[in-house]
Amino acid sequence: PDLAPSDYYLFRSLQNYLNGKTFNNDEAVKLHLNQFFADKNQKFYERGIMKLPERWQQVIEQNGNYI
């Protein structure tokens, strides 16, 4: 299945991090994004990768429909 880890793990985490925040300019956005990624350790990315087979199986069980 064509399901990128960023589709559900990275972007969901980023969405939760940014939820409710407002930015006055591009520099503020960059600052928050840099902070988000700086706060993530290697285990965060490993967990996302390790969850892929389960997510792929779910897509297969849904006949290829995006979940």
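The values are calculated or read from the model by the stated rules, or taken from the named source; none is laboratory data. Remember, it's a predicted structure, so these values are computed and weren't measured experimentally. All Cβ positions, glycine included, derive from the backbone under ideal geometry; neighbour counts span all protein chains shown.
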- Message: Show the residue pairs meeting these rules: Cβ distance below 9 Å; 6+ apart or different chains; first residue within region 40-67 and more than 14 Å from Leu10 (Cβ to Cβ) and at pLDDT below 90; second residue surrounded by 10 or more Cβ atoms within 10 Å (Cβ to Cβ) and aromatic (Phe, Trp, Tyr).
- Response: Val59/Tyr66; Ile67/Tyr8
- Counting only residues that are among the small types (Gly, Ala, Ser), surrounded by fewer than 13 Cβ atoms within 10 Å (Cβ to Cβ) and within 15 Å of the chain's Cα centre (by Cα), how many does region 28-67 have? 1
- Task: Test each condition in (1) among the small types (Gly, Ala, Ser); (2) modelled with pLDDT under 90; (3) surrounded by 12 or more Cβ atoms within 10 Å (Cβ to Cβ) for Ser13 and report the one that comes out false.
- Result: (2)
